[in-house]
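First up is the structure itself, then whatever we jot down about it.
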Amino acid sequence: MGRVNTDTGKSNSSITSSMTSSTSVTETVNGEHDFKISGYSLSKGIGIGKYIASDTFNVGGYSWAIYFYPDGKSLEDNAGYVSLFIALASDGSDVRALFELTLIDQSGKERHKVHSHFGRALESGPYTLKYRGSMWGYKRFFKRSALETSDYLKDDCLQVHCCVGVVKSHTEGPKSYSIRVPPSDIGLQFGQLLECGKGTDVSFDVNGETFAAHKLVLAARSPVFRAQLFGPMKDQNIQCIKVEDIEAPVFKALLHFIYWDKLPDMEELTGLGTKWASTLMSQHLLAAADQYGLERLLTLCESNLCEDVAINTVATTLALAEQHHCLQLKSVCLKFVAMPENLRAVMQTDGYEYLKESCPQILTELLEQVARISQHSLATCSNPNAIILDGSDAHGRRVKPRLFLAPSTKNSVGVSINARGGKSDRFSDLE
């Protein structure tokens, strides 16, 4: 008899498998509501279990309301406590949510009475409201006699702040497509429009240099240019406008930002490969940004100047911050100058002289900052070698040798800073 051989080995063909994934996301949709209860004393006596309701407010697809019980919600408390609840005011079943009720301290001490689910672990999870009219809160929220003598009650008014976080869940599956959306290049396109000069319809004469531009682009970016070019008080010589209060490199940087929506390379623009030159350009550009209503440019310059605070430029930067209302930059400069290791050196700079003359009121703030840091005022220091804020020593002698900054150069930027309010102050960092 012949034998039959049966092949029980695995097939050589490969088995193709696929892997998929999904993610369940559970999060809260949050909303807040303020409820003012005016005439509290008149609400007393309405009866136990009777409430004053806020207007309804929507959070997470549901309506909610705050219920305040002046005589309490429970008979056994005999009106000894006020009750406070958050209620589901629309149709819904098994609505899961987190809640926070805050009774506001109206004395300004911010000692609020807070009951909150937020920011802590909940052993049994979020609270579940079964149906319309279900509520969460406290029958004994506050003892009434204590409430009426507390800072929570002012001018017969109570203020309640409520926060509701409705729990929502959804499942995220894999995307069936992957399309890369390129970043916006509108700045590049407008920048190239400026560089090629095509279609320009207005020019600016800045200290003998001419800059061509497009009226519509300028008007769209700057409210000042918009008024100058299209407003009722527009310049008569609309084809060529003379600019007298900004130096040419600064105006060039201004146009660069208007078209490109970013700062130019400051060192390349000034022709000086130093941080000091970049700082000086940022100072002038900040003033120009304020003059032409370019808030984003002003903020960029303010940020750059905060990063580049230095002994030889901080005083003029502080003056600019004061004149152009750059509060963060002003704070950074004051703290830098007030440091014991910086104060004497800063006071010996020409910029400090300019600061004293143009912004004398800033010296008071500087003195306060020094006092906070050193715990005593340098102005009353008994040390005979101490210096006071006008640049003299305790005997009234001047101690300000001239600080050498840099030699003059053909590529140096101008130094005219036009402060808010129209006054033009001049100081020189490039002598």
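When E110 is tested against the conditions (1) in contact (Cβ under 8 Å) with a residue 12 or more places away in the chain; (2) at positive phi; (3) within 38 Å of the chain's Cα centre (by Cα); (4) open to solvent by 80 Å² or more (accessible area, probe 1.4 Å), the lone failure is (1). Does segment 2-17 contain any residue that is modelled with pLDDT under 95 and part of a strand (DSSP E or B)? The answer is no; no qualifying residue exists.
Hey, any hits in segment 222-238 for a residue that's hydroxyl-bearing (S, T, Y), open to solvent by 90 Å² or more (accessible area, probe 1.4 Å) and either in a strand (DSSP E or B) or more than 30 Å from V114 (Cα to Cα) (or both)? No, the conditions are met nowhere in segment 222-238.
Among the residues of segment 295-314, is any open to solvent by less than 10 Å² (accessible area, probe 1.4 Å) and closer than 17 Å to L366 by Cβ? Yes, segment 295-314 contains a residue that is open to solvent by less than 10 Å² (accessible area, probe 1.4 Å) and closer than 17 Å to L366 by Cβ.
The set of residues in segment 69-100 that are in contact with a helix residue (DSSP H, G or I) (Cβ under 9 Å, 6 or more places away or on another chain) and either surrounded by fewer than 17 Cβ atoms within 10 Å (Cβ to Cβ) or more than 17 Å from S145 (Cβ to Cβ) (or both) comprises A79, G80.
Taken over segment 49-68, the residue count meeting the criterion of being over 38 Å from the mean Cα position of the chain (by Cα) and open to solvent by less than 60 Å² (accessible area, probe 1.4 Å) is 2. Screening segment 110-151 for strands (runs of 3 or more DSSP E) wholly inside it with 2 or more residues that are hydrophobic (A, V, I, L, M, F, W, C) and closer than 22 Å to E76 by Cβ returns the ranges 135-143. Taken together, L343, L320, L255 contain a single residue that is at pLDDT 95 or above and surrounded by 17 or more Cβ atoms within 10 Å (Cβ to Cβ), which is L255. The set of residues in segment 267-287 being open to solvent by less than 20 Å² (accessible area, probe 1.4 Å) and free of Cβ contacts under 8 Å to residues at least 60 places away in the same chain consists of S278, T279, S282, L285, L286. Scanning segment 121-174 for residues that are among the β-branched types (V, I, T) and open to solvent by 40 Å² or more (accessible area, probe 1.4 Å) returns T128, T149, T171. Taking segment 43-66 as the range and being in a strand (DSSP E or B) and within 21 Å of S150 (Cα to Cα) as the test, only I52 passes.
Pairing residues of segment 346-360 that are under 10 Å from T316 (Cβ atoms) and assigned to a loop (DSSP other than H, G, I, E, B) with residues that are of a type outside the set (S, T, Y) and at pLDDT below 90, at Cβ distances under 8 Å and at least 6 apart in sequence or on separate chains, gives T349/L403.
The values are calculated or read from the model by the stated rules, or taken from the named source; none is laboratory data. Note that the coordinates shown come from a computational prediction; the quantities given were computed from them, not determined experimentally. Cβ: placed from backbone, ideal geometry, glycine included. Neighbour counts: every protein chain shown. Accessible surface areas use protein heavy atoms only, side chains included; no ligands, DNA or RNA. Shrake-Rupley method; radii C 1.70, N 1.55, O 1.52, S 1.80 Å.
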